[in-house]
Amino acid sequence: AGVVKGEGGLARNAQMHARALAALGPDVSLHARSALPRADWHKGSGARGLRRSMILHNINAHRIPDLVLARALHNGENPLHIGYLLWELETVPPAHRLAGDLLDDIWVPSRFIQTTYEAAYARPVHMVGKAITLPPVPAADLSNLGILPQHRLFLLVFDVNSSVERKNPLAAVRAFLAAFPATPDVRLLVKTTPFHSANRGDPTGQIAEIKALSAKDPRIVIEQAYLPFPELLARIKRADCIVSSHRAEGFGYIPAFALKLGRPVIVTDYSGTQDYCTPETAFVVPHGWSAPQFTPVFCEAATPHWAEVDIHEMARRMQQVLADPAEASRRALAGQKLVNRLYAPARLSQTYLQRLRALGVLE
């Protein structure tokens, strides 16, 4: 139950759950039905060996009470309620706390979120991980953006609706300028979604400053568009390096996709990405701390801090990627092996199977 349609992270998780659960038995079928305003659910027809019905809630914790109490989902039964929860900070807002009392079991995709919710709920939280599967990736022709085959390309990808302040793209832009003040054949592609000035996630005006820097330096290319998933992956595969200057991530899909495709990654050494971005698999960047005082949704969590990446160190790692492509490739391939192992679909299905057996859902 929850967000099961679309291209966002929650919808991708729902599709992941559906595949992992369907793999547990050949007589599981999935159907999308409308159950609540702005929420859908997938209903299985009954897995072999099913001992108790369950609902896997694929939604943010503040909406869990609405779904747990919705009679339309229960159908007169007494299902087990499992929540697959995501969050990006070390503390949670008050609106998340009731979910800890209503859910029978709590699943999360990263150790960072596991630590956060165990502290909030004072009960076990199970790190089940994810499964990462990608469609075929076409070749990328970026000539319409002024990016040619001979250009060495750094790529920064983020969704403005996921909080510009948290994604912190301006730090990566500043690092690029510090690393390559006058190198003509490098480019930084800032790939984001369309931005509206009313967006509350950019209180310090990072987008406006990035646009101003791009106007002065044509090597900084901005692409604001919704792309089909294969086209987004094509940009990742074309890039010489993917950069994430985030202040906090619950998991971090873009760095994971990049490593899955064998591309070098430069990333803030903090939060959910630490499960798969290590000094062996990526170019991790140290950080200090700052308070998320400008972003309302995160202020509600009373979070004492989030990461402030070291821009000079990020610039040094950008230079290292271009100066030592063999080392960049070595780390990328090590990352690819780790992501393939940690986030294999069969592994996720087995994790679900073991947990559902422990809960008495499956024989």
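Where Lys and Arg each count +1 and Asp and Glu each count -1, what net charge lies around Leu359 among other residues with Cβ under 11 Å from its Cβ? Residues near Leu359 contribute +2 overall. Of the options [x] 46; [y] 39; [z] 57, only one is percent of Cα pairs over 30 Å apart as computed from these coordinates, and that is [y].
Against the chain, whose longest principal axis comes from its Cα atoms, helix 206-216 is set at around 30 degrees. Spin-label pair Ala95-Lys5: with each label point 7 Å from Cα along the Cα-Cβ axis, the two points sit 2.3 nm from one another.
Please report the carbon-and-sulfur percent of the accessible area for the chain; probe 1.4 Å, protein heavy atoms only, DNA, RNA and ligands left out.
Heavy-atom surface of the chain belonging to carbon and sulfur, 1.4 Å probe: 52 percent.
Remark: spin-label model distance Arg19-His305 equals 3.8 nm, labels positioned 7 Å along the Cα→Cβ axis.
Stretched out straight at 0.36 nm per residue, the stretch from Thr278 to Asp324 would grow longer than its current Cα-Cα span by 14.8 nm. PRE reach from Asp104 (point 7 Å along Cα→Cβ): which of the range 327-363 fall under 14 Å by backbone N? It comes to 355-363, nothing else. Proximity of backbone amide H atoms, modeled 1.01 Å from N, is registered between His246 and Thr268 at under 5 Å, excluding neighbours fewer than 5 places apart on the same chain.
The HN-Hα couplings worked out from phi for the range 346-351 by the Karplus form 6.51 cos²θ - 1.76 cosθ + 1.60 (θ = phi - 60°) are 5, 5, 5, 4, 5, 4 Hz, whole numbers, x standing for Gly and Pro. Averaged per residue, the chain has 43 square angstrom of accessible surface, using a 1.4 angstrom probe with ligands and nucleic acids left out. With a Cα cut-off of under 29 Å and a minimum spacing of 8 residues unless on different chains, the lysine pairs in the chain number 28.
Summary of packing: across the peptides 156-163, 49-56, 248-255, the per-residue average of other C-beta atoms within 10 Å ranks them, highest first, as 248-255, 156-163, 49-56. Peptides 135-141, 241-247, 205-211 ordered by packing proxy, namely the average of other Cβ atoms within 10 Å per residue, highest first: 241-247, 205-211, 135-141. Mean sequence separation of contacting Cα pairs (under 8 Å, at least six apart), scaled by the length of the chain, corresponds to a relative contact order of 17 percent. Of all beta bridges that DSSP places with both ends in the chain, some 25 percent have antiparallel geometry. Backbone geometry of the range 268-279 corresponds, through the Karplus equation with coefficients 6.51, -1.76 and 1.60 at θ = phi - 60°, to 3J(HN,Hα) couplings of 4, 7, 6, 6, x, 5, 5, 5, 10, 9, 10, x Hz, x marking Gly and Pro.
On C-alpha positions alone, give me the angle between the axis of helix 311-323 and the longest principal axis of the chain, in degrees, nearest 10. So the inclination is approximately 80 degrees.
If you fit an axis through the alpha-carbon atoms of helix 111-121 and take the longest principal axis of the Cα set of the chain, what angle between them do you get, 0 to 90°, nearest 10? For 111-121 against the chain, the angle is about 50 degrees. Over the chain, dividing the summed -39,500 (n - 2.57) contributions of all DSSP H runs of at least 4 residues by the number of residues returns a 222 nm mean residue ellipticity of -10500 deg cm²/dmol.
The values are calculated or read from the model by the stated rules, or taken from the named source; none is laboratory data. This is a predicted model, so every value here is computed, not measured. FYI the Cβ positions are ideal-geometry reconstructions off the backbone, even for glycines, and counts take in every protein chain you see. Side chains are part of the model used for accessible areas, which takes the heavy atoms of the whole protein and leaves out ligands, DNA and RNA. Shrake-Rupley method; radii C 1.70, N 1.55, O 1.52, S 1.80 Å.
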